[in-house]
1. Tell me, which residue of the range B:230-256 that is within 14 Å of chain A (Cβ to nearest Cβ) and assigned to a loop (DSSP other than H, G, I, E, B) is nearest to B:Leu125 (Cα to Cα)?
2. Just name the residue that is surrounded by the most Cβ atoms within 10 Å (Cβ to Cβ) out of those in the range D:34-77 that are at the interface with chain C (Cβ under 9 Å from one of its Cβ atoms) and not in a loop (DSSP other than H, G, I, E, B).
3. What single numbered condition from (1) over 25 Å from C:Arg213 (Cβ atoms); (2) buried (at least 16 other Cβ atoms within 10 Å of the Cβ) fails to hold for C:Ile60?
4. Inside the range A:271-327, can you point out the residues that are acidic (Asp, Glu) and within 17 Å of A:Val394 (Cα to Cα)?
5. Filter the range B:79-114 down to the residues that are facing chain C (nearest Cβ under 8 Å) and of a type in the set (Ser, Thr, Tyr), then identify the one that is nearest to C:Arg317 (Cα to Cα).
6. Looking at A:Ala289, A:Ala262, A:Ala328, which one is more than 10 Å from every other protein chain (Cβ to nearest Cβ) and more than 25 Å from B:Trp278 (Cβ to Cβ)?
7. In this structure, is A:Ala36 at pLDDT below 80, within 20 Å of A:Val119 (Cα to Cα) and away from every other protein chain (no Cβ under 11 Å)?
8. Step by step: first the residues of the range A:58-67, then only those that are closer than 14 Å to A:Asp324 by Cβ and facing another protein chain (nearest Cβ under 9 Å), then the one that is modelled with the lowest pLDDT. Which residue is that?
Amino acid sequence: MRFALAAVLTSCALALVGCEKKTSAPPPAPGGGPAAAPSSGGTPGIAGDTILIGEVGSLTGSEATFGISTRNGIELALREINAAGGVKGKKVDVRVYDDQSKPEEAANAATRLINQDQVLLILGEVASTNSIAMANKAQPAKVPMISNASTNPKVTEIGDYIFRVCFIDPFQGYVMAKFAHENLKFNRVAVLKDLASDYSQGLADVFKRKFTEMGGKVVGEETYAKGSTDFRSQLTAIKRLQPEGIYIPGYYTDIGVIARQARELGVNAKLMGGDGWDSAKLFELGGSAVEGNYFSNHYSPDDPNPRIQKFIADYKAAFGSVPDALAALGYDAAKVAADAMNRAPSLDRGAIRNAIAATRNFPGVTGTITLDEKRNATKPAVVLEVGKGKTRYVATIAP
Amino acid sequence: MISDFAQHLINGVAAGTIYALVALGYTMVYGVLKLINFAHGDVMMVGTFLGYGVAQRLGPERQSTLWGVLLVFLAAMLGCAVLGFLIERFAYRPLRDKPRLTALITAIGISFTLSYGFQLDFGPLPGAAPRAFPEIIIPAEWLVIGDRAVVIWNWQVISLAIAIALMLMLQGLVYRTRFGRAMRAVSFDHRTAALMGIPVDRIIALTFMLGSALAAGAGILYAIKDTAIQPLMGLYVGLKAFVAAVIGGIGNVPGAVVGGLLLGLVEEFVVGYSSSSWRDAVAFGFLILVLLVRPGGLFGRVAAEKV
Amino acid sequence: MPAALRGLVPVLIAIAVLAVLQVLVGSSPFFVYLASIVGVNVVLAVSLNIVNGMTGQFSIGHAGFMAVGAYTAGKLSLLIKDLAISGLPGVVSDQVQFVGTLLAGGIAAAVCGFVVGLPSLRLRGDYLAIVTLGFGEIIRVIVQNLDLFGRALGLSGVPQTSSLFAVWFCVFLVTLVARRIVGSTHGRSLWAIREDEVAAEAMGVNTTGYKVRAFVISSFFAGVAGGLFAHFVPIINPGSFTFVKSIEVVVMVVAGGLGSTTGAIVAAVFLTLLPEALRTLFLQVGGLDTGASLAQKVDQIRMPVYGILLVILMLVRPQGLFGTREIWDLLPRWLPGTRRGLR
Amino acid sequence: MSGEVLLQTVRAGIEFGGLRALHGFDLEIRRGDLKGLIGPNGAGKTTAFNLLTGVYVPTHGEIRVCGERVNGRQPHQINHLGVARTFQNIRLFRALTALDNVRVACLSDERPVFTRARIDELRRRSSGKSPVAEAMDALNNYVDWWRALLLTPGFQKEEAELTRRAEELLEVMGLSHRRDERARNLPYGEQRRLEIARALGTRPKVLLLDEPAAGMNTREKGDLMVLIRQLRDQFSLGLLVIEHDMKLVMGICEEITVLDHGVTIARGAPERVRQDPKVIEAYLGDSYLASHGLPVPPHAPTSETPVT
């Protein structure tokens, strides 16, 4: 017995001593490897006169509403594309898989799209966690992927086949910090963030850094967990610090309740947030309490630009509601993909990747999209004020 | 500052009252059946949705009248009593003589069915998105201290009054009526109770209905307090309330009330004066601590296994 | 056969079979991924069965232990990613490190299992349910609060060194442990506790000790399953280890039969593949539009259906599909090697 | 005939929330003793057994096993010191085979790393509260499980030895033909015998039998009387028997203690107890009838322990 124990300990020690820095490039991960060869000679994603693209979204689970908005946006874009004759004379079909808002399912769905369905490119995911999971499958297989709304910088850092049509957390956090400091002239703000959401944490971190750099003071930071509906203790603690504004980069599901309870507790500070606020539900959940507060967004529904107004009218006709930012981003992602496919010299994945990377000044509904060398969209953000049952455009803030 | 402290105290009592009301249901059912009714929190959730439906039907004018509010409460409580009866009759009663584990698994199954079933969006089911609960008590300031440093709202007072009334009624029912005596006898030993001519099945069913009705009442108060309702709310509130019941000593009626208030206050003050990011760990850390130090809870004692 | 070798023969056979399998199908990413997910679920189900089935306790926080294993192993792998063991080829060194991190993940989960199990297992069985559930919540809060574990975004970039062979060898190991424990007199003591705790205690069985030990072993394998998971899923975050995951595993154990190892395996494989198969079916039959919406409905109703399944099983067949029997107990008697009863 | 004192209680008693279930209970079992414990339903007989085996912790007095105070020890620890019992309402491991029922009980001896004696010695010195002893015990068990996993030769030998001993005990109790039958499928009388075999598996010094003859017919009862005496001699046990069947108790016991309402009302040789007026008064019920050869009405299977 003792002998066995000694042997185990010794071998552990030896293993530790024997470690050294890796010198050579790491070997290819088993199972990854080069792109799976097309099954029967044809180009992946092309079958006769249809082009097959893939989409992964959270159609069920905790983030189902985001997935469904995205899905509608993509659907609308594809209808328009196909009505206009498709891409290079071919119809574009999309295969959608649900990832139940879980990264392991997102990776599974991406693997499936790449290897079983042999799609030409992949659209999707809102949650950055899920996009990262997908990108880790798409990149080694060299399948282009366009995320519509994942704002975490890490997503496109995974490789040169991964793109996005939205701006990233650092920009959005900067937008609100700048707006709070320059337009609203705030000096003291507090932060209330959702501990369970990487999106919320990312925005909060950038906001804190930028706001402090601009000379303001972040007086306090509190957190909540998705699913709770009692924010009074955090708000009471924040009230004590007497901030002029509270930055709450959360989702609309929580914001309405937070706004009501803030008013109830006599918190007079303005509330500020990010694109997670954007939903018609915000007005229902927040009532009058949420009015007069600000959030940054990808586009403004009351932008007079005819392109945007046409999109809103078409979306309303098709799905019966005002599109939120995620629908607009889904729409843009599909349009950018179609545009790249049109421009690409041939319909193979490498050529399409290059075409996507070369996207410049694309007229999307969420602004004029240019993809930079890090494959992120650079475009301005808008700040909206919440009004009675709708939002009002306040300012545009450029990168 | 004293005003912050007072505000935290108010918040803590408000949250604790809800925990206490839900915990009462756990404790009563545990008392008569020795079963952790895992689905209790979800019954509460169903109650709030029933109340929501009734309030919607009444419309904005009628729902905030006295009769409207009463109707919302009564409908939710009656509906949940029926639900509680059905659950007991068809899911728990057939398993009463089976190992306790069987009933526990069933309870988890029912909890899962209710909370995730309500997330579907076909038919009358509400779907996953949260909804704003109608303001059946129009908010008005009841007491304002200083320059709005501490505000007590009318609905906070009304909720507390309703909660206290419900608890007193329960206490009276358990200790002053024939039904209460029968209930305590069943809780003591249901075989002996049956031998003494107590209709055990009926008493257990009634206890279930009573507990479910209390949960529905708590649910409406919860919805008034936090303004938004959603299908998964029952899981969280239910778990916390269960922790409250164990802290107070499960099976012990005053223990549940004290446990609920204690948990509400502890959570509130941890957030207020420490860090809000550990809030959800507090309840369960507290639970493990209690089980280590005083397994029977503050008021209960560990019952020896019968041999 | 020499007695000393009896313990090792199945291991050697398993290694050979899995090696062949790895060579044959190891290069199809989709198959490997699916098989890995299935394998992890089987490890979870079989290990949970040791507590919920054989010992008659009830844990509903298996995902929490899986999370501990996943985060420990994943973090460790990230830390030693740039190191190699000198004198070994790169691939071998990677695999050695992989096995090491798996063990570390398992041990971390086992330690947690001990800490959680000791106070609650002294008490009656249903406390364990609540405490394990609470434990899962605590793990979630801890992970979300620590930068070390990537907070809500999760850990990404863990080297994907897992393989079909590794996952299914763990499946084999946990099955072997479950079977050998059951086969030994110690395992019979677990069963004795499930049958009658008071009598077992009176017959000299240290019931608390046995329960804690079963729980620790079960947690260990949940941790190993988590470690495997971290090495083939590109990103791990708290969302993958929720209450819902725990309930999925419970459903597998209960449906397979509380106490039946092979039942748990069958149920785990079936319940993991079923949604996948239904999705494929609806897409093939219904085409893109109706098929996709049907497939979506399937995913939506999965959770409530699990709930109803638990209730119906308990009412109609509380011992689960297989009860305490193993698959070979159900084979016709004339087949050679058919054995009956608890063995 | 009387050997060393194995089991002793000194003014032991227990209260449940004010209800005195047992009060001032004195008892002494020596090696080779065969004593009886009788009393009407609810007199506290099974409560006494539960006290002796550690299921309940006495609120008064003291319990000693082989001179060692065991108040507050856990049942399995008391069992390891040499006290085994059967149950009034048979509590076999119903899903296990007859052989496995006995094997589980036999297991308590095998210690791979630290010897049982060493752990017990540590426990004794710390009166059952030594973390070191518990740790050693736990390590023993973990090592055992690893051996089970690897099927080491030592483990295989031990398993074989366990099986052999269990088979031997089944043989003694005349159950060899039921070896692989599940316990719940055995006839009633055989279940009672299997419980005794299981208790013997723990190598007891004292054996407590709780109504071993309940539900048996006259012939079986006769066999049982012979068997009990034989067990005492073969395993050199001290025996304490609770029994309602007066003929059996009077027939085999050398000393009888009579309980009523938790209090000892008489003690002595069967003949003396039988004629004790207090006993007759307390007992003028089924036992009176039975001792006169009249049919005994069936007992309701109620638990004698007061509800807690």
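The values are calculated or read from the model by the stated rules, or taken from the named source; none is laboratory data. The structure displayed is predicted, hence computed values, not measured ones. Cβ: placed from backbone, ideal geometry, glycine included. Neighbour counts: every protein chain shown.
1. B:Pro231
2. D:Pro75
3. It is condition (1) that C:Ile60 fails.
4. Listed by number, the residues that qualify are A:Asp275, A:Asp278, A:Glu291, A:Asp302, A:Asp303.
5. Once the filter is applied, the top-ranked residue is B:Thr102.
6. Only one candidate qualifies: A:Ala328.
7. no
8. Filtering first and then ranking leaves A:Ala64.
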